[in-house]
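Just below is one structure, and these are the notes that go with it.
The values are calculated or read from the model by the stated rules, or taken from the named source; none is laboratory data. Values in this document were obtained by computation on a predicted structure and should not be read as measured data. Here the Cβ is made from the backbone with ideal geometry for all residues, glycine too, and neighbour counts use every protein chain on show.
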Amino acid sequence: MLRIAPSLLSADFGGLAEAVGEVAHEADWLHVDVMDGHFVPNLTIGPPVVGSLRRHSGLFFDCHLMMTNPGQYLEAFRDAGADGCTVHVEVGDTDALLRQMKDLGMRAGLALNPDTPFDAVAPFLAECDLVLCMTVFPGFGGQRFMAEVLPKIAEVRAALDGGGWPAELEVDGGIDEETAPLVVQAGARVLVAGSAIFGDERPWDAARRIRAAAEKALPGGTVN
């Protein structure tokens, strides 16, 4: 199943509920970028904003925690309405964090940066509900898609399929109508798009176009 997950990082923070409403009918998940100013050089939002948005949306909240100490906040995000949280393999304590998320009743995701090798996540694939391959270095929206990550996406896809593990494979960074087919062909099925959606005058239409482009790259699609 292909999922489109608009990223709030590129939305108007002065009207987040309205922004979510504009894309709700074209979105499968809502991607919430949480940055702490330490793991990445930017600050965004926390559990209070997630809780506020939860009252306005029934979408699946996919919270990407770009934080050095995510374990201290997982329960707060769960209580605020997060359906799933994703932590970075680079911060360590991976086994404990995955277990903590599952014990809290959330889907447990594991992310890796563009320069982090596949081997860093390979030991944890059986425990993940989601693997997120970053196709930009996290911190800021609007960055150029890094095509050099495509072989790693394919490597994760092959490992998941070969192991019979059900984790979903997500990509985040520079996803638009041109790059969506590339990551789908590599094996991704959850596509996070920020500026390509919320930077459009008709964000709902942008999300629809990205989905259409991606669907053509699925097995049996029509990508040339």
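Tabulated results
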quantity	calculated
Cβ-Cβ under 8 Å pairs, at least 6 apart or on other chains, the stretch 60-80 side within 18 Å of M134 (Cα to Cα) and among the aliphatic types (A, V, I, L, M), far side at pLDDT below 95 and surrounded by fewer than 16 Cβ atoms within 10 Å (Cβ to Cβ)	M67/H38
Filter pass, G174 being at positive phi and either touching a helix residue (DSSP H, G or I) at 6+ places or on another chain (Cβ under 9 Å) or not in a loop (DSSP other than H, G, I, E, B) (or both)	yes
Matching residues, the stretch 167-205, being more than 29 Å from A122 (Cβ to Cβ), surrounded by fewer than 23 Cβ atoms within 10 Å (Cβ to Cβ) and small (G, A, S)	S195, G199
Failed criterion for F61 (all others in (1) in contact with a strand residue (DSSP E or B) (Cβ under 6 Å, 6 or more places away or on another chain); (2) farther than 27 Å from G187 by Cα hold)	(2)
All positions within the stretch 133-151 that are surrounded by 19 or more Cβ atoms within 10 Å (Cβ to Cβ) and small (G, A, S)	G141
Matching entry among A167, A206 (being of a type in the set (A, V, I, L, M, F, W, C), under 17 Å from D28 (Cβ atoms) and more than 15 Å from the chain's Cα centre (by Cα))	A206
Single unsatisfied condition, A147 versus (1) modelled with pLDDT of 95 or more; (2) closer than 18 Å to G109 by Cβ	(2)
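A quick yes/no check of all residues on (1) in a loop (DSSP other than H, G, I, E, B); (2) among the charged types (D, E, K, R); (3) within 26 Å of A120 (Cα to Cα):
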{"site": "H25", "(1), (2), (3)": "no, no, no"}
{"site": "V49", "(1), (2), (3)": "no, no, no"}
{"site": "H56", "(1), (2), (3)": "yes, no, no"}
{"site": "F61", "(1), (2), (3)": "no, no, yes"}
{"site": "C85", "(1), (2), (3)": "no, no, yes"}
{"site": "Q100", "(1), (2), (3)": "no, no, yes"}
{"site": "G105", "(1), (2), (3)": "yes, no, yes"}
{"site": "G109", "(1), (2), (3)": "no, no, yes"}
